[in-house]
Every structure is written in C-alpha cells, then in structure tokens.
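Data block below; observations after.
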Amino acid sequence: MSIRASPTSSRPSARTSEPASAAQVIGGGVLGAVAAIALGQIAYQAAGGGRLCGDDPCGLVVGILSTAIFEPVLVPLGAHFANHRRGNLGLSFLASSAAGAGALLLWNATETPDPFVALAPIAQIAVAALVERATSHQE
C-alpha cells in the first residue's frame, strides 16, 4: 500500500511561468514611473496646487519632492513585478536610486539642465530593468 501526496494546487504559480521579456520588464518600470508622477501630481494638488504662496506656487515643491521620493521606489517595484518577482529587488532599489541621483547631479552641474530632467526617469527605468534581468533566477 503506497501513500501519494496530493498536489496542493492545480494552478501553475507565477514563478514557474515563462521568463519575462526585456520589453515587459521595461514596461513595468515605465508603469512605476507613471505611478510616481501621478502620486507627485496628487501631492501637488493636495498641497495647494497652483495657488500662489508669496512668489511661488504652494504645491510645486511638494509635488517635485514627492515624485523624487516615489520614483526610485516605484520604478524598480514595477520592473520587479513585471519580471515575475525573479530579480533582486533590493539591488534594483539601490541601482535605481544611484541612477536618479547621478542624473540629478548632472542636471545640477550643467548650465543647460533641461535634457537631464528627462534623463533621471529614463536612467532609473534602464538600470532597474538591467538589474532585474541580470539577477533573475529560474525556479
């Protein structure tokens, strides 16, 4: 008489599915960047929006800082989930933060900072996707 263990679930788990393509991982990073910008916009509106406080819009600094805080967190998180949680999320957080900080340092160091405004999220998405793909493990 033999005893057989029954399977606990008949559904395949997300970790055993096909590996995510580079486009999917980049798309997850883009989705994280869009979410960060949306949360920054919500913070901007909540802090007063375009209403003037002295010479400056009240919510402008709050919106920019909120986006700067959310982006290095949500970009790697989006890439990580798009990669079926296979990569190293902690390393992706660190690399994305370093890429964003580097882009902001370049922005601060130049006399024409306009191109570097777009460089920060692009660099964060690229680095998060590269780290996720490089540290992916198959199960």
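The values are calculated or read from the model by the stated rules, or taken from the named source; none is laboratory data. These figures come from a predicted structure and were not determined experimentally. Every residue, glycine among them, receives a Cβ derived from its backbone with ideal geometry; neighbour counts consider all protein chains shown.
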Handout entry: Pick from the stretch 105-129, criterion free of Cβ contacts under 8 Å to residues at least 24 places away in the same chain and of a type in the set (A, V, I, L, M), ranking: nearest to Ile64 (Cα to Cα)
Key = Val117
Exercise for the section: Report whether or not Ala101 is in contact (Cβ under 8 Å) with a residue 12 or more places away in the chain and either in a helix (DSSP H, G or I) or out of contact with any helix residue (DSSP H, G or I) (no Cβ under 9 Å at 6 or more places or on another chain) (or both). Expected result: no
Practice task
Test Ser66 against the criterion of being over 12 Å from Ala129 (Cα atoms), part of a helix (DSSP H, G or I), in contact with a helix residue (DSSP H, G or I) (Cβ under 9 Å, 6 or more places away or on another chain) and modelled with pLDDT under 95, and give yes or no.
Solution key: yes
Problem - Condition check for Gly78: buried (at least 21 other Cβ atoms within 10 Å of the Cβ), modelled with pLDDT of 85 or more and not in a helix (DSSP H, G or I) - result: no
Practice task
May I ask you to verify whether Leu60 is closer than 30 Å to Ala126 by Cβ, surrounded by 14 or more Cβ atoms within 10 Å (Cβ to Cβ) and at pLDDT below 90?
Solution key: yes
Fill in the blank from the handout: Within the stretch 118-136, restricting to residues that are under 10 Å from the mean Cα position of the chain (by Cα) and closer than 13 Å to Ala82 by Cβ, the one that is surrounded by the most Cβ atoms within 10 Å (Cβ to Cβ) is Ala128
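Every residue, every condition in (1) modelled with pLDDT of 60 or more; (2) of a type outside the set (S, T, N, Q); (3) closer than 24 Å to Thr135 by Cα; (4) part of a helix (DSSP H, G or I), yes or no:
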| residue | (1), (2), (3), (4) |
| --- | --- |
| Ser6 | no, no, no, no |
| Ser10 | no, no, no, no |
| Ala33 | yes, yes, yes, yes |
| Ile37 | yes, yes, no, yes |
| Gln41 | yes, no, no, yes |
Exercise for the section: Assess whether Pro19 counts as being at pLDDT below 95 and not small (Gly, Ala, Ser). Expected result: yes
Fill in the blank from the handout: Those residues of the stretch 81-93 that are surrounded by 14 or more Cβ atoms within 10 Å (Cβ to Cβ) and touching a residue at least 24 places away in the same chain (Cβ under 8 Å) come to a total of 9
Practice task
Given the conditions (1) within 30 Å of Pro19 (Cα to Cα); (2) loosely packed, with under 14 Cβ neighbours inside 10 Å, report the number of the one that Ser96 does not fulfil.
Solution key: (2)
